[in-house]
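Asker: Quick one: this structure, given as structure tokens, is what I'll be asking you about.
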Amino acid sequence: LKYLGIKALASIVGVNQKYALEHQMVVVECLEDNDETLKRKTLDLLFKMTNSANVAFVTDKLIAHLRVTTDVHFRTELA
């Protein structure tokens, strides 16, 4: 269900970023999920959602996640 939500928001962000930004905190929480596919989709969505108003917040969340992740592919993608 989370995966479908992230996928839907990724489609919405292409049309109007403000609608996806309303759910930014829920999106960030998906980085804590055990599903690696969901984490990767969430990373892609966060990239699409990032703007001048939230770049510091998103960057902080990504760096915090990078520090604790054990997924080598994910670490490489974020580095």
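The values are calculated or read from the model by the stated rules, or taken from the named source; none is laboratory data. The structure presented is a predicted model; accordingly, all values stated were derived computationally and were not measured. Here the Cβ positions follow ideal geometry from the backbone for every residue, glycine too, while neighbour counts run over all protein chains shown. Side chains included, ligands, DNA and RNA excluded: accessible areas come from the protein's heavy atoms. Shrake-Rupley method; radii C 1.70, N 1.55, O 1.52, S 1.80 Å.
Asker: Identify all residues within region 30-79 that are under 22 Å from A20 (Cα atoms) and of a type in the set (S, T, N, Q); write none if there are none.
Answerer: T37, T42, T50, N51, S52, N54, T59
Asker: Just to verify a result, which residue in region 41-60, among those that are of a type in the set (S, T, Y) and open to solvent by less than 80 Å² (accessible area, probe 1.4 Å), is farthest from A10 (Cα to Cα)?
Answerer: Within region 41-60, the match that is farthest from A10 (Cα to Cα) is T59.
Asker: In addition: Return the pair list, or none, for Cβ contacts closer than 7 Å from residues in region 1-19 that are over 15 Å from L43 (Cβ atoms) to residues that are small (G, A, S) and open to solvent by 100 Å² or more (accessible area, probe 1.4 Å), at least 6 apart or on different chains.
Answerer: From region 1-19, no pairs qualify.
Asker: Going residue by residue through region 18-26, is there one that turns out to be among the aromatic types (F, W, Y) and open to solvent by 40 Å² or more (accessible area, probe 1.4 Å)?
Answerer: yes
Asker: Being in a loop (DSSP other than H, G, I, E, B) and within 10 Å of the chain's Cα centre (by Cα) is the filter here; which residues of region 12-53 pass it?
Answerer: T50
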